[in-house]
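S.K.: Below you will find the structure I want to go over with you.
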Amino acid sequence: MKIAGNFRANEWGAMRTRLNADDATAWEEAVMLLRERIGGRYLKHARELLNRPYSGFAILAIDCAVIEALEQFRKGVPSTPRRKSGEFFRDFFVTTRFKRFFTAKTSKLFYETVRCGILHQAESNADTLVKRSTTSFVVKQTPSGTGVVINSRRFHEILETVLEDYISKLLAGDVTLRKAFITKMNYITRSEPDSGAVE
């Protein structure tokens, strides 16, 4: 099974051993793998849609999938626990570079009216709107307070930088994030935890 590019699940065990030994080269290879998986399968395609008419919803659909996956990597969980998706989105928004733009309230509205709306109905809920032309904001509440207005272009650009922030922390040796990354990759590759490492 290919995990990203030509990297196969059965190659993970050897890489994991090197990662657990804090092999700097192995961590560089691991983040290249992550860039290929998240960037190559998702962000690259969203980026290509940025200048296409009526693409805001498609971009946000891709971005929502990336957010949930990145938060699983950050937390070191195989998948989002049932009924916890809203919390995952909130945690992502208020602890990453997005915290400059999102509050707990707008995080909740984004989850309910954008993520759930697009996933379940292929449209936004309440009076939420998706814009692409404006550059003055990322997110703001609608006058009714029941929805948000999202600038899909700026939102996507910030998400790309959040991925790079996460990668920088992995390369810098953040122990908690590295342990969580390995746990998530064990699940992706359908591998048992390394018996010689503490996870």
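S.K.: Give me a count of the residues in the range 12-28 that are surrounded by 14 or more Cβ atoms within 10 Å (Cβ to Cβ) and free of Cβ contacts under 8 Å to residues at least 24 places away in the same chain.
M.R.: 4
Each row is one residue, and each column tells you yes or no for (1) modelled with pLDDT under 95; (2) more than 21 Å from Arg154 (Cβ to Cβ); (3) out of contact with any Gly (no Cβ under 8 Å at 6 or more places or on another chain).
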site: Glu11; (1), (2), (3): no, yes, yes
site: Arg18; (1), (2), (3): no, yes, yes
site: Ile38; (1), (2), (3): no, no, yes
site: Tyr42; (1), (2), (3): no, no, yes
site: Pro53; (1), (2), (3): yes, no, yes
site: Cys64; (1), (2), (3): no, no, yes
site: Gln72; (1), (2), (3): no, yes, yes
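S.K.: Okay, next question. Residues that are at pLDDT 95 or above and within 20 Å of Asp22 (Cα to Cα), at least 1 per element: which helices (runs of 4 or more DSSP H) completely within the range 103-199 meet that?
M.R.: Per the criteria, 152-172, 175-188.
S.K.: Moving on. From the list Ser55, Ser85, pick out the single residue that is closer than 30 Å to Thr128 by Cα and either open to solvent by 30 Å² or more (accessible area, probe 1.4 Å) or over 17 Å from the mean Cα position of the chain (by Cα) (or both).
M.R.: Exactly one residue qualifies, and that residue is Ser55.
S.K.: Within the range 70-81, does at least one residue satisfy the condition of being part of a helix (DSSP H, G or I), under 16 Å from Leu177 (Cα atoms), open to solvent by 50 Å² or more (accessible area, probe 1.4 Å) and of a type outside the set (A, V, I, L, M)?
M.R.: Yes: one or more hits.
S.K.: Restricting to the range 169-179, count the residues that are open to solvent by 70 Å² or more (accessible area, probe 1.4 Å) and either under 15 Å from the mean Cα position of the chain (by Cα) or among the charged types (D, E, K, R) (or both).
M.R.: Adding up the residues that qualify gives 2.
Here is a yes/no grid of residues against (1) touching a residue at least 24 places away in the same chain (Cβ under 8 Å); (2) closer than 25 Å to Met185 by Cβ:
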position: Val94; (1), (2): no, no
position: Val139; (1), (2): yes, no
position: Ser152; (1), (2): yes, no
position: Ile167; (1), (2): yes, yes
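S.K.: Only one of Ile62, Ile38 is β-branched (Val, Ile, Thr) and either open to solvent by 30 Å² or more (accessible area, probe 1.4 Å) or under 20 Å from Val130 (Cβ atoms) (or both). Can you tell me which?
M.R.: Sole residue among the options that is β-branched (Val, Ile, Thr) and either open to solvent by 30 Å² or more (accessible area, probe 1.4 Å) or under 20 Å from Val130 (Cβ atoms) (or both): Ile62.
S.K.: Return a yes/no flag: does the range 93-112 have any residue that is within 16 Å of the chain's Cα centre (by Cα), open to solvent by 80 Å² or more (accessible area, probe 1.4 Å) and at negative phi.
M.R.: So far as the range 93-112 goes, yes, one or more of its residues are within 16 Å of the chain's Cα centre (by Cα), open to solvent by 80 Å² or more (accessible area, probe 1.4 Å) and at negative phi.
S.K.: Another question, then. Find the residue count for the range 137-148, including only residues that are of a type in the set (Val, Ile, Thr) and over 17 Å from Ala61 (Cβ atoms).
M.R.: 3
S.K.: Conditions: (1) in contact (Cβ under 8 Å) with a residue 24 or more places away in the chain; (2) closer than 17 Å to Cys64 by Cα; (3) open to solvent by 80 Å² or more (accessible area, probe 1.4 Å). Glu157 meets all but one. Number of the miss?
M.R.: (1)
S.K.: Could you check, for the range 128-148, whether at least one of its residues is in contact with a Cys (Cβ under 8 Å, 6 or more places away or on another chain), more than 30 Å from Thr176 (Cα to Cα), open to solvent by less than 60 Å² (accessible area, probe 1.4 Å) and aliphatic (A, V, I, L, M)?
M.R.: No; the residues of the range 128-148 include none that is in contact with a Cys (Cβ under 8 Å, 6 or more places away or on another chain), more than 30 Å from Thr176 (Cα to Cα), open to solvent by less than 60 Å² (accessible area, probe 1.4 Å) and aliphatic (A, V, I, L, M).
S.K.: Here is a follow-up. Which members of the range 112-136 meet the condition of being among the hydroxyl-bearing types (Ser, Thr, Tyr) and under 17 Å from Ile59 (Cβ atoms)?
M.R.: Listed by number, the residues that qualify are Thr113, Ser124, Thr128, Ser133, Thr134, Thr135.
The values are calculated or read from the model by the stated rules, or taken from the named source; none is laboratory data. Predicted, not measured: the structure shown is a model, and the values here were computed from it. So basically every Cβ, Gly included, is an ideal-geometry build from the backbone, and we count neighbours across all protein chains shown. Note: areas computed on protein heavy atoms with side chains; ligands, DNA, RNA excluded. Shrake-Rupley method; radii C 1.70, N 1.55, O 1.52, S 1.80 Å.
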